[in-house]
Amino acid sequence: ERARADLDRHIGRFPLLLDACVALSAARELDQFAAVLAARARSVAPEASEVLVFLARGGEPTCRAGLDAAGQPAERAADADERYVAAEARALIRRDGGEVRVIAPLRADRRQVQGAVAGEAPRGALSLRLAAGEDGGRIAVELTQALARLGGIALAAVELVEQARGMALRDELTGLLEI
């Protein structure tokens, strides 16, 4: 019975990914995107003691949104692991005693669009600290990674909206702002 109850509880988390997809698709700016992603990561992994979203465009990633264990806003500078994940787009999972740390990459569109270099596309990391339950946090880790993949797609959409906004405000020939 206990195993069945645990399975039902974990299965109940999967519709949260669909809700996250819908909410992320409505984001039109980076800060809005980061806030939605942090909130959705918190709902997907309620056992998380820390949820942070780091974003960068060419430089060092900065914390754009975060929540602590109580759901209150939290921010801090990116550490070496978070900078690595943002730069290399490789997930990192560390287990230390009763805690699991998941850092999943967020990548926008890597193609060259309107003279922009691929390195200028937004990139970042979704960082969570989780209490390792009986399953070692496996379900929460998998859901976090799936959410980060959805976040990467949403980040690309935000980038395209920003590019379209920029193209609409500039003269095609001169590059000057049109008023």
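What to note about this one:
- Checking [x] 140; [y] 171; [z] 115 against volume of the Cα convex hull per residue in Å³ calculated from these atoms, the matching label is [z].
- Accessible surface area normalised per residue over the chain is 55 Å², counting heavy atoms of protein chains with a 1.4 Å rolling probe.
- Couplings 3J(HN,Hα) of the stretch 167-176, computed from phi: 5, 6, 9, 10, 5, 4, 7, 9, x, 7 Hz, in residue order, whole Hz [Karplus 6.51 cos²θ - 1.76 cosθ + 1.60, θ = phi - 60°; x for Gly and Pro].
- Amide H to amide H, with H built 1.01 Å from N, Ala78 comes under 5 Å of Cys63, counting only residues 5 or more places away or on other chains.
- Only alpha carbons enter this Debye calculation for the stretch 1-82, each as an equal point scatterer, and the log10 of I(q)/I(0) it gives at q = 0.24, 0.27 Å⁻¹ is -1.15, -1.27.
- Entry note, the stretch 49-99: relative contact order of 28 percent, from Cα contacts under 8 Å with a spacing of 6+ residues.
- Close amide-amide hydrogen proximity is noted between Leu106 and Gly124, Ala125, Leu126, each under 5 Å apart and 5 or more residues distant or on a separate chain (H modeled in the peptide plane; Pro and chain starts excluded).
- Residues Arg4 and Ala26, FRET efficiency given R0 of 25 Å [Cβ-Cβ distance, rounded to 0.05]: 0.10
- Per-residue Karplus couplings for the stretch 5-22, computed as 6.51 cos²θ - 1.76 cosθ + 1.60 with θ equal to phi - 60°, are listed in order as 5, 5, 4, 4, 5, 5, 4, x, 7, 4, x, 5, 5, 5, 4, 5, 4, 5 Hz, Gly and Pro entered as x.
- Split the accessible area of the chain by element, probe 1.4 Å, and carbon with sulfur accounts for 55%.
- Rounded to the nearest Hz, the phi-derived 3J(HN,Hα) couplings of the stretch 121-126 under the Karplus curve 6.51 cos²θ - 1.76 cosθ + 1.60 (θ = phi - 60°) are 5, x, 8, x, 8, 9, where x marks glycine and proline.
The values are calculated or read from the model by the stated rules, or taken from the named source; none is laboratory data. Because the structure is predicted, anything quoted here is derived from the model rather than measured. For neighbour counting, all protein chains shown are included, and Cβ atoms are generated from backbone atoms with ideal geometry for every residue, glycine included. To get the accessible areas, we keep the full protein, side chains included, count just its heavy atoms, and leave off ligands, DNA and RNA. Shrake-Rupley method; radii C 1.70, N 1.55, O 1.52, S 1.80 Å.
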